[in-house]
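Visitor: Here it is: the structure, laid out below.
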Amino acid sequence: MLDLKFVRNNIDLLKEKLLQRGSDLSLDEFIAVDGERRKIIQDVEDLRNRRNFVSKEVGRLKKEGQKAEHLMEETRVVKDRIKEMETVLEEKESALSAIILSVPNIPHPGVPIGKDSSDNPVAKRWGDIRQFDFEPRSHWDIGEELGILDFERGAKISGARFTLYKGLGAQLERALINFMLDLHASRHHYTEVWPPFIVNDTSMTATGQLPKFKEDLFKLEGRDYYLIPTAEVPVTNIHRDEVLEEKELPKRYVAYSACFRAEAGSYGKDTRGLIRQHQFNKVELVKFTTPETSYLELENLLLDAEEVLQQLGLPYQVVELCTGDLGFSAAKTYDIEVWLPGQGTFREISSCSNFEDFQARRANIRFRRSGKTKTELVHTLNGSGVAIGRTVVAILENYQQTDGGVVIPPVLRPYLMGKARIEKSA
RNA sequence: GGAGAGAUGACCGAGUAGGCCGAAGGUGCUCGCCUGCUAAGCGAGUGUAGGGGGAAACCUCUACCGAGGGUUCGAAUCCCUCUCUCUCCGCCA
């Protein structure tokens, strides 16, 4: 959410920025409703002022033993009038908040201007792409043949976009979760948390999933509960409605969670394999920072996520999202894309964003500078560190062997009882 | 699921025979004084949001004592509903 006054005073700038994002949102309605609202506020407050004043008079007169009937009658009338006006005011306020909640964040000035993902510049590349002396296969073929991924039974148990992991497949998933949590918690000094995977709609609104992206979420029937699409939601909400001390910042958290996404509107996309699932695992990094350090912290967050892939020996590239590809709440985003030989392409495995104060304003997360009484909004950041399922995909495809086996990256072996390969089991 | 207690500012905590309460007191924090360091002491300041005015410091108005409704001329204080927390009982990974 953007600041109301900022929007009011920067309509033209905002229109330009929205256009860069490819948003056709018109702000004319905002201007109209905002004006009406302020007019009504004045009227209501004048009436309330009158009521308060007269009530005090009544109290004073009564104390002196005088009659105050005529004044009491006046407030009765004023009261009804106030009630009418308040109803109108409520309508305007909810209309205004609906508008302001649907306005996306403003891209950081450094963000490249572009239409869609094809305009995202590559910021860096890491690792050598392996040259195969055979035709590299896709992870779904490798996984099924090794008996570690069972797509048919996943579909039987639940439906499309659900997968059953078996044996070393299940253990590999678990090993990756532990490896990433350990790396970030011990080496990168994030505080490890284990959040709820179900949250209420206040939390969803705070991070920006609601009200605009309801169709992407799984909601529990008859309850104000949603399955989280990412640990970003519960972890960012840890400090909702809190005032932090400047010296506590930056706060860094790492969390594992299962993630649930309805994937409405992506029918036909990535229908095979693990790439796009309704349920997947992810290790997420979240930071709360001061405004002046958030972009430095974004660079560090990106490096922390990159190190996961470096240690696993998986080649990747980092792209900078252009204005047209930027997510709703983000001011700046880097995507890390891992190389998938089976697909012959780079695929997103992590997304690292600075939301500046966009989420903090919705979530009311503030901090106080030492020596100051005023509070300010913190900046929030998050990034995948990284997506587990897609890491499995990358390992299977990058480390596949001629005989159909898969070599396990050395850093993971301690997590898999020393095992060095996944072989076809009899 | 049953019975009871509670929800007040960054934090702790007064305030329920309705008006003088945006709210005592304390802690914390900031500034100043004082003590040759440290500790202690003294004085002052210190909520949020919105509207109006001002170049600005700031002034002014309105709202907010878990949320929403009600009673009343007037509610943190009375009534109703909901949410959450705690204690006891039951059930249960």
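Visitor: Report those strands (runs of 3 or more DSSP E) wholly inside the stretch A:340-426 carrying at least 2 residues which are modelled with pLDDT under 95 and under 30 Å from A:THR202 (Cβ atoms). Even if it seems obvious, please write down each step before you answer.
Guide: Details: elements: A:345-354, A:365-368, A:375-377, A:379-387.
Hits in the stretch A:340-426: A:365-368, A:375-377, A:379-387.
Visitor: Further, regarding this structure: A:ARG240: touching a helix residue (DSSP H, G or I) at 6+ places or on another chain (Cβ under 8 Å) and at pLDDT below 90, yes or no? Please lay out each step first, then the result.
Guide: Working: touching a helix residue (DSSP H, G or I) at 6+ places or on another chain (Cβ under 8 Å): yes; at pLDDT below 90: yes.
Spelling it out, A:ARG240 is indeed touching a helix residue (DSSP H, G or I) at 6+ places or on another chain (Cβ under 8 Å) and at pLDDT below 90.
Visitor: Please specify each residue of the stretch A:153-200 satisfying the condition of being under 26 Å from the mean Cα position of the chain (by Cα), assigned to a loop (DSSP other than H, G, I, E, B) and among the basic types (Lys, Arg).
Guide: A:ARG161
Visitor: Does the stretch A:294-311 hold any residues that are of a type outside the set (A, V, I, L, M) and touching a residue at least 60 places away in the same chain (Cβ under 8 Å), and which are they?
Guide: First, the residues of the stretch A:294-311 that are of a type outside the set (A, V, I, L, M): A:294-295, A:297, A:299-300, A:304, A:306-307, A:310-311.
Result: A:SER294, A:TYR295, A:GLU297, A:ASP304, A:GLU306, A:GLU307, A:GLN310, A:GLN311.
Visitor: For the stretch A:114-122, check the following and say yes or no: at least one residue is surrounded by fewer than 19 Cβ atoms within 10 Å (Cβ to Cβ), under 22 Å from A:ILE408 (Cα atoms), out of contact with any Gly (no Cβ under 6 Å at 6 or more places or on another chain) and not polar (S, T, N, Q). Break it down stepwise before answering.
Guide: So in the stretch A:114-122, the residues surrounded by fewer than 19 Cβ atoms within 10 Å (Cβ to Cβ) come out as A:115-119, A:121-122.
After this cut, where a residue has to be under 22 Å from A:ILE408 (Cα atoms) as well, the list is none.
There is no residue in the stretch A:114-122 that is surrounded by fewer than 19 Cβ atoms within 10 Å (Cβ to Cβ), under 22 Å from A:ILE408 (Cα atoms), out of contact with any Gly (no Cβ under 6 Å at 6 or more places or on another chain) and not polar (S, T, N, Q).
Visitor: Right, something else. Do we find a residue being over 30 Å from A:LEU303 (Cβ atoms) and modelled with pLDDT of 90 or more anywhere in the stretch A:174-194? Explain how you work it out, then say what you get.
Guide: Within the stretch A:174-194, the subset over 30 Å from A:LEU303 (Cβ atoms) is none.
Scanning the stretch A:174-194, I find no residue that is over 30 Å from A:LEU303 (Cβ atoms) and modelled with pLDDT of 90 or more, so the answer is no.
Visitor: Tell me, yes or no, whether the stretch A:304-325 has at least one residue that is part of a loop (DSSP other than H, G, I, E, B) and either among the hydroxyl-bearing types (Ser, Thr, Tyr) or at pLDDT below 95 (or both). Lay out the reasoning, then the answer.
Guide: Of the stretch A:304-325, the ones part of a loop (DSSP other than H, G, I, E, B) are A:313-315, A:321-322.
Imposing the further condition that a residue be either among the hydroxyl-bearing types (Ser, Thr, Tyr) or at pLDDT below 95 (or both) reduces the set to none.
For the stretch A:304-325, residues part of a loop (DSSP other than H, G, I, E, B) and either among the hydroxyl-bearing types (Ser, Thr, Tyr) or at pLDDT below 95 (or both): absent.
Visitor: Let me ask something additional. Show the residue pairs that are 6+ apart or on different chains and have beta-carbon atoms under 8 Å apart, the first residue being within the stretch A:91-109 and in contact (Cβ under 8 Å) with a residue 24 or more places away in the chain and surrounded by 19 or more Cβ atoms within 10 Å (Cβ to Cβ), the second being among the hydroxyl-bearing types (Ser, Thr, Tyr) and not in a loop (DSSP other than H, G, I, E, B).
Guide: Pairs found: A:PRO107/A:THR323.
Visitor: In the stretch A:45-84, how many residues are more than 7 Å from RNA strand B (Cβ to nearest atom), under 23 Å from A:LEU96 (Cα atoms) and touching a helix residue (DSSP H, G or I) at 6+ places or on another chain (Cβ under 9 Å)?
Guide: 3
Visitor: Restricting to the stretch A:12-35, what's the tally of residues that are away from RNA strand B (no atom under 16 Å from the Cβ) and not in a helix (DSSP H, G or I)?
Guide: Summing the residues that are away from RNA strand B (no atom under 16 Å from the Cβ) and not in a helix (DSSP H, G or I) in the stretch A:12-35 gives 5.
Visitor: Let me ask something else. Does A:VAL44 satisfy the condition of being more than 24 Å from A:LEU210 (Cβ to Cβ), touching a strand residue (DSSP E or B) at 6+ places or on another chain (Cβ under 8 Å) and either outside any helix (DSSP H, G or I) or not aromatic (Phe, Trp, Tyr) (or both)? Steps first, answer last, please.
Guide: Working: more than 24 Å from A:LEU210 (Cβ to Cβ): yes; touching a strand residue (DSSP E or B) at 6+ places or on another chain (Cβ under 8 Å): no; either outside any helix (DSSP H, G or I) or not aromatic (Phe, Trp, Tyr) (or both): yes.
Here the answer is no, as A:VAL44 does not meet what is asked.
Visitor: If the Cβ limit is 6 Å and pairs must be 6+ apart or interchain, which residue in the stretch A:261-286 that is free of Cβ contacts under 8 Å to residues at least 24 places away in the same chain pairs with which residue that is surrounded by fewer than 21 Cβ atoms within 10 Å (Cβ to Cβ) and outside any strand (DSSP E or B)?
Guide: As it stands, the answer is A:ASP270/A:ARG276, since those pairs meet every condition given.
Visitor: Could you please let me know if A:GLU144 is part of a helix (DSSP H, G or I), buried (at least 17 other Cβ atoms within 10 Å of the Cβ) and touching a Phe, Trp or Tyr at 6+ places or on another chain (Cβ under 9 Å)?
Guide: Numbers: part of a helix (DSSP H, G or I): yes; buried (at least 17 other Cβ atoms within 10 Å of the Cβ): no; touching a Phe, Trp or Tyr at 6+ places or on another chain (Cβ under 9 Å): yes.
Judged against the criteria, A:GLU144 is not a match.
Visitor: Considering (1) outside any strand (DSSP E or B); (2) farther than 24 Å from A:LEU340 by Cα, say which one A:TYR226 fails and leave the rest.
Guide: (1)
The values are calculated or read from the model by the stated rules, or taken from the named source; none is laboratory data. Please read all numbers here as calculations on a predicted model, not as lab measurements. Please note: Cβ atoms are built from the backbone with ideal geometry, for glycine as well, and neighbour counts cover all protein chains shown.
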